[in-house]
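Student: Please see the structure below; I have some questions.
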Amino acid sequence: MKAPRVVVITAWLVALGITAAALVMAFVPWVQTANGDGLVVALNPDDRAADVSSLVSGRISEWYVKDGEQVKAGQPIARVIDLDPDYLTRLAAERAQIEAEIAAVTQSRATAMLDVNRASALLRDGLIARRDYELAQIKVAEGGAKLAESRAKLQRIDVQLARQSSQVVRAPRDGRIQTVNAALSGGVVSPGSVLATVAPETAERAVALYIDGRDIALVRPGQQVRLEFEGWPAIQFSGWPSVAQGIFDGRVRAVDPTSNAGGLFRVLVEPAPGKRPWPDLRFTKLGAKVRGWIQMETVRVGYELWRQLNDFPLEFSKDIKDSINAKGGKSAGDDYGVAKDDDATVRKAGKPK
């Protein structure tokens, strides 16, 4: 009995489809990637947003800036005055009193030194008792102690005056006022209270990507990265980077040795030299979201599908294996901080059975 024509055609189509899929999986190359999301960050810590804090306690009497205003380094941000309006006057009067005490004690000590010299001469002539000479020495020592105490008081007063001279809070760097803590207006502030935040307008940018621990073992400085910035039109094909559009190039700068609380590892990415520059800071501001693909090894589509379905780690490249052999048979786990038993498991899982 002859099979229906529809069944024959369907069988041929299925066979051709399976054959085509097998050929694609066996011969079409695929670039393995470790993908993750992240943010645009400032590479230099001095280029990151900085909090402007009060150095003294008191209350804010005047603001010199507004939200969004551009400021220069040293420009006044706010004035903080003491809760006691006569505090500075009292400090100045107390300082003058201590200076007078120091002058009096210095004069008294000088007189006591003269008495010691005279008592020493009289003691040698046998005209006074040794106790009188020792009492004169005690007065000199007491004068020295009082002088040291008065100078310590003067130093404390000077420290308080120096702190009060910091009542005008100034911008630490050039930038733009991002936020002003207006809730503190008229209220009491303490040392360390954040009054405003200054964000830079120019910065050396980098991207902080967060990569799953399954892929982080083979992420190394110098690897190429493809980046898609938030709000920038782009089309990305993970396995065929040559057909991507609106994607920018980067290079792995550093990999954190430990993960964050969520088990993800931070990878710092810098602009790739000799490639198209990243979008201007107007379009990719600090804190903007980024999606990145770190380019790993080139394998066949079938192997990558099999790896993804089995959740296997990325394959060690031939270059890495050669470098390991050149080091005298050192295991891959030694290079990447993996125990020997775990390294054996990785190598076993990374190859088809």
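Student: Residues that are at positive phi, part of a strand (DSSP E or B) and surrounded by 19 or more Cβ atoms within 10 Å (Cβ to Cβ): does the range 41-54 have at least one?
Tutor: Looking for residues that are at positive phi, part of a strand (DSSP E or B) and surrounded by 19 or more Cβ atoms within 10 Å (Cβ to Cβ), one finds none in the range 41-54, hence no.
Student: Could you check the range 269-343 for helices (runs of 4 or more DSSP H) lying wholly inside it with 1 or more residues that are at pLDDT 75 or above and surrounded by fewer than 16 Cβ atoms within 10 Å (Cβ to Cβ)?
Tutor: The helices (runs of 4 or more DSSP H) meeting that bar are 301-310.
Student: Right, next: Considering every residue within the range 124-142, establish whether at least one is in contact with a Leu (Cβ under 6 Å, 6 or more places away or on another chain) and assigned by TED's automatic domain parsing to the domain that holds residue 64.
Tutor: yes
Student: Of the conditions (1) in contact (Cβ under 8 Å) with a residue 40 or more places away in the chain; (2) closer than 18 Å to residue 180 by Cβ, residue 61 fails just one. Which one is it?
Tutor: (1)
Student: With the requirement that a residue be farther than 19 Å from residue 286 by Cβ and either touching a Leu at 6+ places or on another chain (Cβ under 7 Å) or charged (D, E, K, R) (or both), what does the range 44-78 give you?
Tutor: Within the range 44-78, 53, 54, 58, 59, 60, 62, 66, 72, 77, 78 meet the criteria.
Student: Related question: Working carefully through the options 97, 107, 75, 155, find the one that is touching a Lys or Arg at 6+ places or on another chain (Cβ under 9 Å) and modelled with pLDDT of 85 or more.
Tutor: Sole residue among the options that is touching a Lys or Arg at 6+ places or on another chain (Cβ under 9 Å) and modelled with pLDDT of 85 or more: 75.
Student: Out of curiosity, is residue 159 within 30 Å of residue 64 (Cβ to Cβ) and assigned to a strand (DSSP E or B)?
Tutor: Spelling it out, it is not the case that residue 159 is within 30 Å of residue 64 (Cβ to Cβ) and assigned to a strand (DSSP E or B).
Student: Here's something else I'd like to know. Filter the range 164-206 for residues that are out of contact with any Phe, Trp or Tyr (no Cβ under 9 Å at 6 or more places or on another chain), part of a strand (DSSP E or B), under 30 Å from residue 289 (Cα atoms) and of a type in the set (Val, Ile, Thr) and give the result.
Tutor: 177, 179, 194, 197, 198
Student: Same structure, new question: If you go through the range 19-57 one residue at a time, how many are in contact with a helix residue (DSSP H, G or I) (Cβ under 7 Å, 6 or more places away or on another chain) and more than 30 Å from residue 223 (Cβ to Cβ)?
Tutor: Total meeting the criteria: 2.
Student: Please find, within the range 86-126, the residue that is surrounded by the fewest Cβ atoms within 10 Å (Cβ to Cβ) out of those that are among the acidic types (Asp, Glu) and outside any loop (DSSP other than H, G, I, E, B).
Tutor: Restricting to residues being among the acidic types (Asp, Glu) and outside any loop (DSSP other than H, G, I, E, B), the top hit is 125.
The values are calculated or read from the model by the stated rules, or taken from the named source; none is laboratory data. The structure displayed is predicted, hence computed values, not measured ones. Neighbour counts are summed over all protein chains in view; Cβ atoms, including those assigned to glycine, are modelled from backbone coordinates with ideal geometry.
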